[in-house]
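The values are calculated or read from the model by the stated rules, or taken from the named source; none is laboratory data. Please read all numbers here as calculations on a predicted model, not as lab measurements. Don't worry about glycine lacking a Cβ; one is built from the backbone with ideal geometry, like all the others, and counts go over all protein chains shown. Heads up: the accessible areas ignore ligands, DNA and RNA and are worked out on the full protein's heavy atoms, side chains in. Shrake-Rupley method; radii C 1.70, N 1.55, O 1.52, S 1.80 Å.
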Amino acid sequence: MRVAIIGTGYVGLTTGVCLAFTGHSVFCLDTDQSKIDALKAGKIPIYEPNLAELLAEASPNLHFTSSYAEAIPGAEVVFIAVGTPPTPSGAPNLEYLSQAARSIGQCVDSEFTVVVNKSTVPIGSGNWVGSLLRDAYEQRQRPAKAEFAVASNPEFLREGTALHDSLYPDRIVIGADEPRALEVLYSLYRPILDQTFPAPTYLPRPESVGAVPLLSTDLASAELIKYAANAFLALKISFINEIGLLAERVGANISEVARGIGLDSRIGPRFLSAGIGWGGSCFGKDTAALVATAGEYGLHMPIVESARKVNSRQRDRVVEKLLQELKILKGRTIGLLGLAFKPNTDDLREAPAIEIAQKLIDRGVRVKAHDPIAMERFGREHGQMGVQICSSACEVAEGCDALVLVTEWNEYRDLEWDAVARKMRSPFILDGRHALDREKLMRAGLRYATVN
Ligand code: UGA
């Protein structure tokens, strides 16, 4: 099938590459010409494991352009995967979405085109995008005889495992009020639903993956599923962090408690890792948007609001723990291991490291940091903060009064801890992710604590 994808961020690019890989002809469009030039030259603007390899394999089916007139005519499916960044009120900024809808309406010309919202959009956006499309289409001088319908196809991929999540999803959700739109998207996703594509060697198909369930709903339900899924995952994390605080007071081990809870199949073991809490571009933004949407209907969401409060408290816990250990923070040197909001990405949006670094700097601390992938980006986007960037974890440790593990990159699990301890002024490590081996660190002479 012929597909156009508007926006080459995480969602757009991953979707485009995966659909091209499964045999469709895909036009990826971005209005940022420099991104398109880079992609045409085979350069990937984001860090995502295996994306470069899959893009190279799919390249005969992939086209990059900044022109709607090139991407849209003839497309059977057009995905809108543009950014919807948060505004100060918590409601997402829909400017890019509306621009995309209008531009599609100006160029659409197929017998039947399904325009799919893949960006995380507020409930009701499907109807709104439909009306923008129709207006733009009807205002054309000589409109072609095109027909189109809007669908919602929320994305559930995680950064860092984006390709795995797209090729082997737990489910595909399609919200459409018109049965024809559902049929088109069913055909589009068939290779993934039936798992008939040959798995790439570097992304083997997990044994547990069988046919992928397709959930077909109305537009509003699909839109709400996306927000509800992210809010539920976010509150699972905040729940374990709330229990973690009590666990610390009563002398219980939160990792054991999480394991004990998660073995109940009704609860499940994932997203129960306690620590400094969630970051990234999704949980914060989507929980804020959910609360804002509820507000528009005169509703409160006390559970989601509390999850947000608990998450922000976890960042304060880092400072409290360091104060407990060091007594005075002013004039200290503290090293952060990890800057990205989670491992295997260079994304720094709402990264806990930035908030923690700022809190420490405000208290007169000299902050040093390292990250295996995100350092360059940090320098570009947050250079003014005055954090000293180091080329290795050992260099961070040099002269530090404390280290904080902020992002659980694998390479931090097996550091030469003896050498790290020797370089520090005071060998104390605060494990913000319950990721390190306490015994090993203590044997190396480090004092060890966690952010419960
Ligand atoms: C999240 C969802 O997991 C995806 O399903 C969704 O598609 C995506 O948002 C989105 O809406 O686009 P992502 O933000 O990429 O994906 O990353 P996650 O793996 O969910 O991690 C989010 C944050 O939670 C990270 O900072 C991570 O360190 C933290 N986390 C995760 C915990 O603190 N504890 C856990 O047990 C799990």
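Restricting the search to the stretch 399-438, which residues are more than 16 Å from the ligand (Cβ to nearest atom), assigned to a helix (DSSP H, G or I), open to solvent by 50 Å² or more (accessible area, probe 1.4 Å) and under 25 Å from ALA258 (Cβ atoms)?
Hits for the stretch 399-438 are GLU411, ARG438.
Of all residues in the stretch 1-13 being in contact with a Phe, Trp or Tyr (Cβ under 9 Å, 6 or more places away or on another chain) and open to solvent by 30 Å² or more (accessible area, probe 1.4 Å), which is nearest to the ligand (Cβ to nearest atom)?
Filtering first and then ranking leaves VAL11.
Any idea how many residues of the stretch 342-388 are farther than 22 Å from GLU320 by Cβ, open to solvent by 50 Å² or more (accessible area, probe 1.4 Å) and touching a Phe, Trp or Tyr at 6+ places or on another chain (Cβ under 7 Å)?
2
List the pairs whose first member sits in the stretch 269-283 and is more than 9 Å from ILE237 (Cβ to Cβ), whose second member is more than 7 Å from the ligand (Cβ to nearest atom) and in a loop (DSSP other than H, G, I, E, B), and whose Cβ atoms are under 6 Å apart, counting only residues at least 6 apart or on separate chains?
Cβ pairs passing all conditions: ILE276/GLY432; ILE276/VAL451; GLY279/GLU350; GLY279/ALA351; GLY280/GLU350; SER281/ARG349.
State which residue is surrounded by the most Cβ atoms within 10 Å (Cβ to Cβ) when the search covers only the stretch 260-284 and only residues that are of a type in the set (D, E, K, R) and away from the ligand (no atom under 12 Å from the Cβ).
Within the stretch 260-284, the match that is surrounded by the most Cβ atoms within 10 Å (Cβ to Cβ) is ASP264.
Six or more apart or on different chains, Cβ under 9 Å: which pairs go from a residue in the stretch 211-230 that's on the phi < 0 side of the Ramachandran plot to one that's open to solvent by 60 Å² or more (accessible area, probe 1.4 Å) and within 12 Å of the ligand (Cβ to nearest atom)? Could you list them?
Here the result reads VAL212/ASP170; VAL212/ARG171; PRO213/ASP170; PRO213/ARG171; LEU214/ARG171; LEU215/ARG171, each pair linking the stretch 211-230 to a residue that is open to solvent by 60 Å² or more (accessible area, probe 1.4 Å) and within 12 Å of the ligand (Cβ to nearest atom).
Could you check how many residues of the stretch 102-123 are touching a Ser or Thr at 6+ places or on another chain (Cβ under 9 Å), small (Gly, Ala, Ser) and over 19 Å from ILE225 (Cα atoms)?
1
Give all pairs with beta carbons closer than 6 Å in which a residue from the stretch 46-71 that is over 20 Å from GLU159 (Cβ atoms) meets a residue that is open to solvent by 60 Å² or more (accessible area, probe 1.4 Å) and in a loop (DSSP other than H, G, I, E, B); count only pairs at least 6 apart in sequence or on separate chains.
From residues that are over 20 Å from GLU159 (Cβ atoms), the pairs are SER66/THR31.
Within the stretch 415-452, track down each residue that is more than 25 Å from TRP278 (Cβ to Cβ) and acidic (Asp, Glu).
Selection gives GLU416, ASP418, GLU439.
Could you please find all residues in the stretch 134-154 being surrounded by fewer than 18 Cβ atoms within 10 Å (Cβ to Cβ) and polar (S, T, N, Q)?
GLN139, GLN141 - these are the residues of the stretch 134-154 that are surrounded by fewer than 18 Cβ atoms within 10 Å (Cβ to Cβ) and polar (S, T, N, Q).
Answer with yes or no whether ILE254 is more than 9 Å from the ligand (Cβ to nearest atom) and buried (at least 20 other Cβ atoms within 10 Å of the Cβ).
Yes.
Tell me, please, whether a residue that is in contact (Cβ under 8 Å) with a residue 60 or more places away in the chain, open to solvent by 60 Å² or more (accessible area, probe 1.4 Å), within 20 Å of VAL26 (Cβ to Cβ) and not in a helix (DSSP H, G or I) can be found in the stretch 80-94.
no
What residue, of LEU246, LEU182, LEU167, is under 30 Å from LYS321 (Cα atoms) and modelled with pLDDT of 95 or more?
The unique qualifying residue is LEU246.
Please go through the stretch 326-341 and give me each residue that is at negative phi and either touching an Asp or Glu at 6+ places or on another chain (Cβ under 9 Å) or open to solvent by less than 50 Å² (accessible area, probe 1.4 Å) (or both), ordered by number.
Once the filter is applied, which keeps residues that are at negative phi and either touching an Asp or Glu at 6+ places or on another chain (Cβ under 9 Å) or open to solvent by less than 50 Å² (accessible area, probe 1.4 Å) (or both), the stretch 326-341 yields LEU326, LEU329, ARG332, THR333, ILE334, GLY335, LEU336, LEU337, LEU339, ALA340, PHE341.
Search the stretch 213-243 for residues being open to solvent by less than 40 Å² (accessible area, probe 1.4 Å) and more than 15 Å from the ligand (Cβ to nearest atom), and hand back the single one that is farthest from ALA149 (Cα to Cα).
It comes out as THR217.
Within the stretch 395-452, work out how many residues are of a type in the set (Phe, Trp, Tyr) and under 29 Å from the mean Cα position of the chain (by Cα).
2
Residue-by-condition table, conditions (1) over 15 Å from the mean Cα position of the chain (by Cα); (2) in a loop (DSSP other than H, G, I, E, B); (3) surrounded by fewer than 24 Cβ atoms within 10 Å (Cβ to Cβ):
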| site | (1), (2), (3) |
| --- | --- |
| THR15 | no, no, no |
| ALA20 | yes, no, no |
| VAL26 | yes, no, no |
| PRO45 | yes, yes, yes |
| ALA52 | yes, no, yes |
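Of the residues in the stretch 104-126, how many are small (Gly, Ala, Ser) and open to solvent by 30 Å² or more (accessible area, probe 1.4 Å)?
1
Scan the helices (runs of 4 or more DSSP H) fully inside the stretch 105-211 and keep the ones with 3 or more residues being within 16 Å of the ligand (Cβ to nearest atom) and out of contact with any strand residue (DSSP E or B) (no Cβ under 7 Å at 6 or more places or on another chain).
162-167
Answer yes or no as to whether ASP362 is among the acidic types (Asp, Glu) and without any contact (Cβ under 8 Å) to a residue 40 or more places away in the chain.
yes
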